[in-house]
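Trainee: Take a look at the following structure, please.
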Amino acid sequence: SKTISKCYVQVTGMTCASCVANIERNLRREDGIHSILVALMAGKAEVRYNPAVIHPAAIAELIRELGFGATVMENCGEGDGVLELVVRGMTCASCVHKIESTLMKTNGVLYCSVALATNKAHIKYDPEAIGPRDVIQVIKDLGFTTSLVKKDRSASHLDHKQEIRQWKRSFVVSLVFCIPVMGLMIYMMVMDSQLSDAHTHHNLSREDMEALHSSMVLEYQLLPGLSVMNLLSFLLCVPVQVFGGWHFYIQASRALRHNTANMDVLVVLATTIAFLYSFIILLVAMAERAKVNPVTFFDTPPMLFVFISLGRWLEHVAKGKTSEALARLISLQATEATIVTLGPDNVLLSEEQVDVELVQRGDIVKVVPGGKFPVDGRVIEGHSMVDESLITGEAMPVTKKPGNTVIAGSINQNGSLLISATHVGADTTLSQIVKLVEEAQTSKAPIQQFADKLSGYFVPFIVAVSVVTLFAWIVIGFVDFEIVEKYFLGYNKSISAAEVIIRFAFQASITVLCIACPCSLGLA
């Protein structure tokens, strides 16, 4: 029968649901992988795999190939204790063999591998039978010095500060350039409506109309075919396209390299096409020395980037809030514990400071007034009041006397206590709460899974629709020009019918792209 193992992979660089769908879809296809669950918030993937076919490092590599950062999380053996040690003083392969064989003979050690090159030892043990300090003692007795590999307690992977800064900057840049563009647009609209009023009321001749039109400041042509309006819009659009869109371009190129299309691809497509199309139309108008200024779309990219980078910024702020709660929980854990040896009649014989990870079930731990409880346990000596508000929310301190249970992370107030450790490491209440919160972020609502699946198909679909729109209007235009004339308002009678049709078709297809790319589905 196939054995199924479970590993956790830390994933960075995921921005939205379609990234999650992308990773899940691609990994499910691989041999040896049974199921995969990715948590966007916790930045964590839970993978069930067949160890005979594939190993965790290869799984992380598969995720990295999709353009995300991935590292295998070590503390994943549920139930088994896992110990990572740095062993100093090994000189050759026989030292390695000596340590491995001695440990494997030790009761309670399930698995052990020592790497000479990195001085690391990886040990799995049964916490019921043996504890991390016993293992360390065995290695010390062989004549080597050893210490714990320091775990990152700060939960820095839950930090969204950098992304928040990056999207905020992107938003501000886009906004600064977007406001003038919007101003110009509104001014143009107002002037246009005044002109059309003048036209309806005074029955002006065409020439007068054109004279009126060209007398507007923004329509004034600096060069034939290049109006002040278009030049200003172009100049305002370039910085947004470059600085505002920088992150979008990076993300989109990554997605395209792996033949997937996500939200970023849509954004980049819509803005780039709108920008290039407008730019080319301007060049054409200048080459033709056109009397009438072409209709450009330079207002589209800045406005799109503003809304989307605002959305991304808010999203990361929200993620940061949730993750902050997790980080705060994690930071409540004590880092060290004072372990004491008791003689007859509970006389203190000796005490030593050790890392929290080294506390074993059944250890006697001393907690001084003002100290945090490092592990869950039962009081064996002393009386005190304990602030357990972090778990219970109860502001009043609780009286503790011998026989009462205490919770890791709560704060001892006025008396010194001796407790016997009952739950240590990943089994303490606090660790379990952190784990539950992380898992709650990992599990997806059915509707969310459905939305992820949809957004995978959404991008190609939209691109297809806009291409269809383009060709459909070109065909309609050449078959029946009146329809185009009816909908394409304000075009100038002096340009050829074919050009009108093509411009209108482009306008329609770009509109489809631009409206669909900040789609509510993707943003939500």
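The values are calculated or read from the model by the stated rules, or taken from the named source; none is laboratory data. Values in this document were obtained by computation on a predicted structure and should not be read as measured data. For neighbour counting, all protein chains shown are included, and Cβ atoms are generated from backbone atoms with ideal geometry for every residue, glycine included. SASA here: full protein model, heavy atoms, side chains in, ligands and nucleic acids out. Shrake-Rupley method; radii C 1.70, N 1.55, O 1.52, S 1.80 Å.
Trainee: Taking the conditions exactly as written (open to solvent by 20 Å² or more (accessible area, probe 1.4 Å), at pLDDT below 80 and either out of contact with any helix residue (DSSP H, G or I) (no Cβ under 8 Å at 6 or more places or on another chain) or in a helix (DSSP H, G or I) (or both)), does Arg361 satisfy them or not?
Mentor: The answer is no for Arg361.
Trainee: Would you be able to tell me the number of residues in the range 243-263 that are at pLDDT 80 or above, open to solvent by less than 70 Å² (accessible area, probe 1.4 Å) and either assigned to a helix (DSSP H, G or I) or closer than 16 Å to Ser278 by Cα (or both)?
Mentor: The total comes to 6.
Trainee: Is it fair to say Ser113 is under 19 Å from Cys92 (Cα atoms), open to solvent by less than 80 Å² (accessible area, probe 1.4 Å) and not in a loop (DSSP other than H, G, I, E, B)?
Mentor: Yes: the conditions hold for Ser113.
Trainee: Quick check on my filter: what residues within the range 371-384 are open to solvent by 60 Å² or more (accessible area, probe 1.4 Å) and over 14 Å from Leu418 (Cβ atoms)?
Mentor: Lys372
Trainee: Determine which single condition Val406 fails, assuming it passes every other condition in (1) under 28 Å from Gly343 (Cβ atoms); (2) open to solvent by 60 Å² or more (accessible area, probe 1.4 Å); (3) β-branched (Val, Ile, Thr); (4) in contact with an Asp or Glu (Cβ under 8 Å, 6 or more places away or on another chain).
Mentor: Exception for Val406: condition (2).
Trainee: For a quick check of your reading: which strands (runs of 3 or more DSSP E) sit entirely within the range 1-77 and have at least 2 residues that are modelled with pLDDT under 85?
Mentor: Correct list: 5-12, 33-39, 44-49.
Trainee: Would you confirm, using the coordinates I've provided, whether Thr322 is open to solvent by 50 Å² or more (accessible area, probe 1.4 Å) and hydroxyl-bearing (Ser, Thr, Tyr)?
Mentor: yes
Trainee: Go through the range 283-319 and report how many residues are over 30 Å from Phe243 (Cβ atoms), crowded, with 16+ Cβ neighbours inside 10 Å and either in contact with a Gly (Cβ under 7 Å, 6 or more places away or on another chain) or not assigned by the TED database to the domain that holds Ser233 (or both).
Mentor: Summing the residues that are over 30 Å from Phe243 (Cβ atoms), crowded, with 16+ Cβ neighbours inside 10 Å and either in contact with a Gly (Cβ under 7 Å, 6 or more places away or on another chain) or not assigned by the TED database to the domain that holds Ser233 (or both) in the range 283-319 gives 1.
Trainee: Suppose we filter the range 419-428 for residues that are farther than 13 Å from Pro127 by Cβ and surrounded by 19 or more Cβ atoms within 10 Å (Cβ to Cβ); how many remain?
Mentor: 1
Trainee: Would you confirm, using the coordinates I've provided, whether Ile462 is at pLDDT 80 or above, surrounded by 15 or more Cβ atoms within 10 Å (Cβ to Cβ) and either within 28 Å of Asn293 (Cα to Cα) or aromatic (Phe, Trp, Tyr) (or both)?
Mentor: It is false that Ile462 is at pLDDT 80 or above, surrounded by 15 or more Cβ atoms within 10 Å (Cβ to Cβ) and either within 28 Å of Asn293 (Cα to Cα) or aromatic (Phe, Trp, Tyr) (or both).
Trainee: While we're looking at this one, here's another question. Condition first: at pLDDT below 75 and touching a Phe, Trp or Tyr at 6+ places or on another chain (Cβ under 6 Å). Now tell me which residues in the range 498-524 satisfy that.
Mentor: Of everything in the range 498-524, just one residue is at pLDDT below 75 and touching a Phe, Trp or Tyr at 6+ places or on another chain (Cβ under 6 Å), namely Pro518.
Trainee: A further question on this structure: Pairs please, first residue from the range 336-349 and charged (D, E, K, R) and open to solvent by less than 70 Å² (accessible area, probe 1.4 Å), second anywhere and assigned to a helix (DSSP H, G or I) and modelled with pLDDT of 85 or more, Cβ atoms under 8 Å, 6+ apart in sequence or on different chains.
Mentor: Nothing qualifies.
Trainee: Restricting the first residue to the range 364-392 and requiring it to be farther than 12 Å from Gly409 by Cβ and without any contact (Cβ under 8 Å) to a residue 40 or more places away in the chain, which pairs with a second residue that is open to solvent by 10 Å² or more (accessible area, probe 1.4 Å) and part of a helix (DSSP H, G or I) meet a Cβ separation below 9 Å and a spacing of at least six or different chains?
Mentor: Between residues of the range 364-392 that are farther than 12 Å from Gly409 by Cβ and without any contact (Cβ under 8 Å) to a residue 40 or more places away in the chain and residues that are open to solvent by 10 Å² or more (accessible area, probe 1.4 Å) and part of a helix (DSSP H, G or I), the close pairs are Glu381/Asn346.
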